[in-house]
Every structure is written in C-alpha cells, then in structure tokens.
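Worksheet: the structure to be examined is printed underneath.
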Amino acid sequence: MGSESGALLMASTLGIFIILSLFAFYLSRMVMLETRNTSFHALDIKTRNLAQSGLEHGLQSFKSSRNPATIQGNFNTGAYSVNFDTLNNEEGTSLPYTHYITLKSTATISEVERNLRLTLSTYPEAFCFSYYGNNSGSSTFNESLGSIVGDMYFNGDVNTSIVSSGTIYNSTGSGGTQLSSAPLFPTLNTDYYDSLLTVTSALPETNGNPDYGVSLDGINDYIVATGYKGITGTAARSIGAWIKTTASGMIVNWGANSPGQRFGIRVNVNQYGNNGALKAEVNSGYTTGTTDLRDGNWHHIVVTAASGISANQFKLYVDGILETVSSSMSRTMNTASSEDVNVGSYTGSNYFFDGDMDKFAIWNNQLSSSEITALYNSGDGLSAASNSGNYNSSSNLVAYWEMDEGSGSSVADSSPNSNTGTLTNGPTWVQISEGNQATSNTTINLPSYTNNEYLNNGDLTLSNVTVNGPGVFVVYGNLTIESNSIIQKNVKVICSGNVTVSNSQIGTSLRTPSLTYSKGITSISGSTIYGLIIAKGNTCTFSSTSMYGAILNSGSTFSLNNTSTVTGSVVSQYSVDIQDANSSITKGSLPPFFNADIGLDPMVVPGSYLEY
C-alpha cells in the first residue's frame with residue numbers, strides 16, 4: 001500500500017512538472033512574440049513618420065514650383081516616394097475638380113510600408129466658393145437678379161434669395177449661416193508680373209506709332225554723318241543708343257584714325273578681352289564694362305566723357321546702371337570741328353556692327369547718373385520728358401537720330417544742328433516688334449521670341465490676331481483684343497493698363513488655359529474665356545461673355561450683364577453686381593496651372609488626409 005502511494009505521488013509530481021514545463025514554454029513563446037510585435041510596432045511608427053516627412057517634402061516642393069513631379073528620398077535606413085496624380089485619387093476614382101491634385105507619400109523601412117495621401121487645391125481657400133465677397137465697402141448683399149449656384153460667402157449681411165443651390169455663408173449670420181472663422185481674401189504675390197512690366201517699360205516706346213530701327217549686317221553697313229557739327233575740341237560729351245546684337249562690333253567711331261582725335265565705342269572684340277562688354281576708347285586708351293551685350297536683347301548704352309578725359313571721368317552705363325568709371329586712363333580728346341561720325345563702323349573700314357540700332361543721341365555735356373537712369377526708364381533713350389513726344393527737351397542735345405523713318409537712305413537729326421546721317425552700303429529698316437501700335441490679321445508665335453516673351457512698351461491693339469504659346473505677352477500700356485482674336489493655350493497676358501476684350505477668345509479649355517493680369521480697367525464683351533483673370537484696377541465688367549475658370553477682382557466695381565456666365569469661382573474684394581436675370585455664377589472646376597507661377601498659393605483640402 002505504501003509503495004502504491006509513493007508511485008502515485010511520483011506520478012502526480014511528474015504530471016505537475018510536465019504541466020509547468022509546458023506553461024513555461026508557452027509563456028516564453030508569448031514573450032518572444034510580444035517582443036517581436038513591439039519591435040514591429042516601433043518600426044511601424046518610424047515608417048509612418050518617414051511617410052509624413054515625405055508628405056511635407058511634397059507640399060513644400062509643390063508650393064514653390066507647382067511641379068507635380070515624383071520625389072524620392074532616403075532617411076534613417078528607409079526610403080520614401082512622393083507622387084502626384086492630377087486626375088485620380090489613390091483608388092483610381094476621378095477627382096471632383098480639375099484644380100485638385102492627389103499627393104501620395106509611400107515610405108518603407110525593412111518589411112514595413114506606410115501610405116499617406118492629401119488632396120491639394122491649386123488655389124487658396126476663398127476659391128472653394130462659387131462666389132466669395134470680401135465686401136470692403138461694408139454693404140449689404142442685396143442682389144435681385146441672376147443666380148449663384150453653389151455655396152457662397154459674403155463678409156456682411158445678406159438680403160437675397162439669389163443662391164439657387166448651395167448655402168449662403170457670411171460673417172454676421174444675418175441672412176445666412178455664420179462662419180466664425182472665414183477664409184481670408186487671397187494674398188497675391190505680384191513680383192513675377194511686376195518684374196516683366198518693369199523690363200517692358202524700359203524698351204523703346206511706341207508713342208502710339210510703329211517704331212523702327214536700322215539693321216546693320218556686320219560686313220560693311222554703317223551710317224555716317226559727314227562733317228558733323230555740334231562739339232569740337234576737348235569739350236565734354238555723352239553718347240547714347242539702344243542696341244540689339246549677338247556679335248562684337250563697332251557702335252560708333254568719331255574722328256580720324258589719328259592721335260588726339262579718335263573717340264570710339266564698341267561691343268568688345270575678341271583681341272581686347274572682356275568679350276561682348278561695352279568698351280570706350282580715346283587716343284588708344286580705353287575702359288571696358290562688365291555686361292555681355294551679345295544676348296539678342298535690347299540694351300540701352302551710354303558713355304560719358306568729361307572735358308579732356310581726365311582720370312575717373314570716363315563712365316560707361318548699361319540699362320541705366322553705372323558699370324565702369326575709368327580709374328587709371330588719362331587721355332586727351334580733341335576731335336576736329338568737322339570730323340565724320342561713323343555709326344556702326346570704325347572709320348568706315350572694319351569692326352562693323354552686326355545687329356539692330358535705335359535712337360542714337362549725342363549731348364555736349366557729361367550726363368549725370370540720375371539723368372541716365374531717367375533716359376533708360378523713359379524707354380526712348382533720350383529724356384524722361386519725351387514720353388509726351390518732346391524729343392528736344394534737353395538743351396544739351398546736339399544730335400538725335402530717332403531712326404523712325406522706316407524707309408529711305410537717310411536718318412534725320414531732330415536736334416538744331418541738322419546732322420543728317422546717310423545709310424551706307426545698304427543697311428535695312430526693321431520694324432521693332434515692341435513698336436506695333438496695331439497688329440491685324442496675323443499670327444504671333446511666342447516661342448520665336450527671346451525667353452518666349454513678347455514685350456510691347458505702349459498701347460497695343462490686336463485685331464483678328466492669333467497668339468500661340470507657350471509664352472508671355474506683356475504690354476506696358478493699354479491692350480485691346482478684338483475682331484475674333486484668339487489667345488491660345490498656355491499664354492500669360494500681362495498688362496500695366498486697361499484690358500479690353502471684344503468678340504474674341506482667351507484660352508482653349510480648363511486644362512489648356514490662359515492667364516490675364518490687368519492693373520487697369522478690365523472690360524470683356526461678347527467673348528469666351530478659359531483661365532484665370534486677375535483684375536487689379538477699379539472696374540471689372542463682363543457683358544455677353546462666358547467665363548470658365550477663376551476671377552480674382554481687387555476693384556470696387558465688378559459686374560455681370562447681358563447673359564454673362566461664370567462657371568468656376570469668383571473672388572472679389574468688393575461685392576458683385578449681377579445686372580440681368582440670365583447672368584450667373586456657378587461653382588465649377590478651375591484651371592490648374594501646373595508648373596506656372598500665378599502668384600497664388602495652393603492649399604490642402606480640409607479633411608483630405610488619409611492613411612491607407
């Protein structure tokens with residue numbers, strides 16, 4: 001009996017041991033799995049953080065460039081990829097608006113992958129509404145005609161039933177649903193537009209008439225004023241002109257090729273170094289500038305000399321800026337009383353100028369820096385007063401060849417000295433593109449212009465004209481687009497004055513739009529517009545016009561009449577005046593303007609963040 005009890009105890013003990021061993025085994029396994037899960041959880045957090053870093057990288061990149069290009073990077077033993085989809089979301093479903101874009105960030109570390117996405121709008125929040133009125137005039141919205149389809153926001157009281165489909169949001173709650181935190185009126189960065197207008201304002205002016213220049217072939221063409229009268233001896237002088245070239249060559253040579261008489265200005269030739277920079281020479285002494293002028297663009301050049309040319313008195317200016325002051329050269333200049341002035345050649349024998357030249361002037365004094373800046377800013381190279389056509393406003397002017405004849409074999413001197421210049425060996429006349437006051441029945445191809453930029457300093461009318469992009473069409477003055485003119489896709493129209501459009505088309509679709517920026521009055525009638533209109537002037541008016549896209553209006557008057565429709569979004573600093581029952585504003589898609597600076601920041605669509 002005792003042995004049986006001992007055996008039973010031993011069996012029980014062994015059973016308990018086995019059970020405890022199995023329990024210990026499973027407990028150890030659970031600890032190992034938990035450690036592994038904890039490790040994967042930490043790795044998952046790191047991967048998610050990496051995906052969020054990629055998302056931030058994509059946001060910053062798109063804000064600065066609007067370029068929907070793939071971005072890839074590596075960080076902390078992981079990799080991330082940022083992709084943009086301009087058509088669909090992450091599931092392949094079409095985006096609701098053309099100005100929406102899906103931003104996707106995928107990150108991987110080891111075997112862990114995390115995916116994030118956002119939806120971006122290429123416009124600020126105010127453009128989420130069919131109509132946004134900032135109401136700077138503090139009026140009550142009280143429209144009785146027309147319709148607004150889609151949500152609208154108005155900063156103030158609303159007394160209307162004009163919204164046929166959508167919610168009226170406002171700042172007061174009177175007549176609508178109050179928004180305690182309303183979107184701000186968009187901030188527009190105008191640096192891009194202003195810089196192009198500044199460049200255009202410095203070009204030769206049209207003054208309402210076609211502008212001509214003289215084209216020299218660089219082989220033997222030049223202009224000579226024989227027996228020039230105006231400056232003699234060692235008197236001070238200044239010489240200025242507009243030039244456009246891609247080669248080295250002589251701009252002007254004054255006097256015989258003998259000591260004490262020669263005074264020359266050139267685009268530097270190879271053997272003298274500083275290739276392409278402005279160079280001035282007196283009696284074998286010379287000084288050079290710094291800007292390479294051989295870029296095929298118009299440049300305003302001025303060289304001034306004090307009486308006798310003493311040190312620090314010989315100065316070179318390019319585009320209104322002082323480039324060089326002679327510091328060591330001291331030469332005596334003593335041109336004779338009746339020496340020839342050779343424009344475009346070196347004593348009529350070599351170093352001929354190859355390019356276009358316009359508005360060549362000589363003064364009998366050393367112009368100051370401020371005077372030269374005024375010449376450049378006036379655009380015609382003569383004087384700021386000449387904006388009103390007073391070419392002889394300077395009492396020190398002794399020769400001025402405006403070169404606006406456009407035909408013939410001579411250039412008239414509009415100074416009192418009547419120093420007529422003779423076109424020698426066949427220089428040709430060129431109508432400067434910036435000088436077309438009216439252009440009709442033609443096609444303008446922007447890619448054929450430098451930097452794809454058509455620049456016009458002065459009022460301009462386009463009548464039955466097609467403008468092909470991509471590129472920029474800049475007018476420093478008033479612009480009229482009429483008579484079935486077409487501004488094709490990917491064209492930015494930038495105007496410092498009034499823009500008047502009638503019976504024409506701007507843009508071709510929401511994905512092939514154009515942009516119109518006007519600092520003056522904007523008036524559009526009988527036309528179709530695809531794109532973005534930025535109206536900075538006091539008045540913006542649409543009549544019998546169909547607009548597809550976005551309008552940003554800063555003026556105090558914005559009106560729609562005669563069955564004008566806007567499909568997209570209107571954002572106005574003030575209220576809108578809808579003047580007939582058939583005019584309307586309807587929420588719709590906007591032109592995305594990828595890879596284009598429009599001065600407006602994109603935004604993240606609220607509620608669009610997703611982890612998947």
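The values are calculated or read from the model by the stated rules, or taken from the named source; none is laboratory data. For clarity, every value in this text was computed on a predicted model and none was experimentally measured. Don't worry about glycine lacking a Cβ; one is built from the backbone with ideal geometry, like all the others, and counts go over all protein chains shown.
Descriptive notes on the structure:
- Conditions (1) more than 31 Å from the chain's Cα centre (by Cα); (2) in the same structural domain as Gly555 (by TED's automatic domain parsing); (3) modelled with pLDDT of 95 or more: number failed by Phe185: (1)
- If the condition is being on the phi > 0 side of the Ramachandran plot and free of Cβ contacts under 8 Å to residues at least 12 places away in the same chain, then the stretch 169-203 contributes only Gly173.
- Filtered residue count, the stretch 163-181, keeping only those that are surrounded by 14 or more Cβ atoms within 10 Å (Cβ to Cβ) and more than 14 Å from Ile585 (Cα to Cα): 7
- Strands (runs of 3 or more DSSP E) contained entirely in the stretch 396-494, each with at least 3 residues that are buried (at least 17 other Cβ atoms within 10 Å of the Cβ) and under 26 Å from the mean Cα position of the chain (by Cα): 453-457, 460-468, 471-476, 479-482
- Criterion (out of contact with any Asp or Glu (no Cβ under 8 Å at 6 or more places or on another chain) and assigned to a strand (DSSP E or B)) met by exactly one of Thr500, Thr541: Thr541
- Given (1) surrounded by fewer than 19 Cβ atoms within 10 Å (Cβ to Cβ); (2) within 30 Å of Gly54 (Cα to Cα); (3) in the same structural domain as Thr160 (by TED's automatic domain parsing), number of the condition Asp601 does not satisfy: (3)
- Residue within the stretch 197-205 that is over 30 Å from Glu402 (Cα atoms) and surrounded by 19 or more Cβ atoms within 10 Å (Cβ to Cβ) present: no
- Restricted to strands (runs of 3 or more DSSP E) entirely inside the stretch 62-143, those with at least 3 residues that are in contact (Cβ under 8 Å) with a residue 40 or more places away in the chain, touching a helix residue (DSSP H, G or I) at 6+ places or on another chain (Cβ under 6 Å) and surrounded by 13 or more Cβ atoms within 10 Å (Cβ to Cβ) are 100-109, 112-121.
- Matching entry among Glu111, Glu143 (being out of contact with any Phe, Trp or Tyr (no Cβ under 7 Å at 6 or more places or on another chain) and outside the structural domain of Gly58 (by TED's automatic domain parsing)): Glu143
- Taken together, Gly520, Gly555, Gly526 contain a single residue that is surrounded by fewer than 24 Cβ atoms within 10 Å (Cβ to Cβ) and over 24 Å from Lys587 (Cα atoms), which is Gly520.
- Considering residues of the stretch 318-330 that are more than 26 Å from the chain's Cα centre (by Cα) and buried (at least 18 other Cβ atoms within 10 Å of the Cβ) only, the residue modelled with the lowest pLDDT: Met329
- Search result, residues across the stretch 493-514 that are out of contact with any Ser or Thr (no Cβ under 7 Å at 6 or more places or on another chain) and more than 18 Å from Gly555 (Cα to Cα): Thr508, Ser509, Thr512, Pro513, Ser514
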